[in-house]
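Undergrad: One structure coming up, written as structure tokens, with questions to follow.
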Amino acid sequence: MDDEAAATARRTTLTVLLGTALATVAALTLVPTGTGWRWGAPTAELHWYLTGLGSEATMVQLVGNLALLVVPAALAVLRWPSLGRAARLVGVALAAGTTIELLQRVLPLGRVVSPLDAVLNAVGAITAGLVVTRVHGWVRPVPRKVPG
């Protein structure tokens, strides 16, 4: 397989894996648990997290929110290396976390809409993206076919 074919195969594989990861995120966050929605006041949720660090339920929520976008972020940075730049990564990660919460608000899923969850999702994604970017030799620009 020549370099161009290998690069195309790599991009295709990463795109399929990213689509699968995003479908998993959708399944985890957009499956109805009732009807309507509830507001998760950021200060109340922050208090819940900080006072419940010894609780298994709190830690599951905390780790789950931090981990939710780790795989999609890592795959996206591998697929589009320019996303590894901190400013772009922060913007995309915050947009992704916010989109999840907005969908939970506008769809009748019976979910808690939480700005803090969006921030935790973004922190996990940013961390994953930066780690992938820094791992030696992993993130290289994928050659593109230049017409002509």
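The values are calculated or read from the model by the stated rules, or taken from the named source; none is laboratory data. Computed from a predicted structure; not experimentally measured. Note: ideal-geometry Cβ built from the backbone for every residue, glycine included; neighbour counts use all protein chains shown.
Undergrad: Identify, please: which residue in the range 121-139 is of a type in the set (Gly, Ala, Ser) and crowded, with 18+ Cβ neighbours inside 10 Å and is, among those, nearest to Leu66 (Cα to Cα)?
TA: Restricting attention to the range 121-139, the residues satisfying the condition of being of a type in the set (Gly, Ala, Ser) are 122, 124-125, 128-129, 137.
Within this subset, residues satisfying the condition of being crowded, with 18+ Cβ neighbours inside 10 Å are 122, 124-125, 128-129.
Numbers: Ala122: 8, Gly124: 4, Ala125: 8, Ala128: 10, Gly129: 13 Å.
Here the answer is Gly124.
Undergrad: Going by the conditions given, is Thr29 at negative phi, polar (S, T, N, Q) and out of contact with any helix residue (DSSP H, G or I) (no Cβ under 6 Å at 6 or more places or on another chain)?
TA: Values: at negative phi: yes; polar (S, T, N, Q): yes; out of contact with any helix residue (DSSP H, G or I) (no Cβ under 6 Å at 6 or more places or on another chain): no.
Taking the combined requirement at face value, the residue does not satisfy it.
Undergrad: Also, I was wondering about something else. Those residues that are in a helix (DSSP H, G or I), over 18 Å from Leu102 (Cβ atoms) and either among the aliphatic types (A, V, I, L, M) or touching a Ser or Thr at 6+ places or on another chain (Cβ under 6 Å) (or both), I need them from the range 1-44; list them, please.
TA: Of all residues in the range 1-44, those in a helix (DSSP H, G or I) come to 3-29, 42-44.
Restricting the remaining residues to those that are over 18 Å from Leu102 (Cβ atoms) gives 3-21, 23-24, 43-44.
Ala5, Ala6, Ala7, Ala9, Leu14, Val16, Leu17, Leu18, Ala21, Ala23, Ala44 - these are the residues of the range 1-44 that are in a helix (DSSP H, G or I), over 18 Å from Leu102 (Cβ atoms) and either among the aliphatic types (A, V, I, L, M) or touching a Ser or Thr at 6+ places or on another chain (Cβ under 6 Å) (or both).
Undergrad: Looking at the range 81-97 only, could you name the residues that are surrounded by 15 or more Cβ atoms within 10 Å (Cβ to Cβ) and modelled with pLDDT under 95? First the steps, then the outcome.
TA: If we filter the range 81-97 for residues that are surrounded by 15 or more Cβ atoms within 10 Å (Cβ to Cβ), which is where we start, we get 81, 83-84, 89-90, 92-94, 96-97.
Result: Pro81, Leu83, Gly84.
Undergrad: Can you tell me which residues in the range 110-130 are of a type in the set (Gly, Ala, Ser) and outside any helix (DSSP H, G or I)?
TA: Across the range 110-130, the qualifying residues are Gly110, Ser114.
Undergrad: Could you look through the range 1-52, keep only residues that are out of contact with any Lys or Arg (no Cβ under 8 Å at 6 or more places or on another chain) and charged (D, E, K, R), and pick out the one that is surrounded by the most Cβ atoms within 10 Å (Cβ to Cβ)?
TA: Of everything passing the filter in the range 1-52, Glu45 is surrounded by the most Cβ atoms within 10 Å (Cβ to Cβ).
Undergrad: Right, another one. Are any of the residues in the range 99-120 closer than 26 Å to Leu14 by Cα and exposed (fewer than 15 other Cβ atoms within 10 Å of the Cβ)?
TA: If we filter the range 99-120 for residues that are closer than 26 Å to Leu14 by Cα, which is where we start, we get 99-101, 103, 118-120.
If we keep only those that are exposed (fewer than 15 other Cβ atoms within 10 Å of the Cβ) as well, we get 99.
Scanning the range 99-120 turns up at least one residue that is closer than 26 Å to Leu14 by Cα and exposed (fewer than 15 other Cβ atoms within 10 Å of the Cβ).
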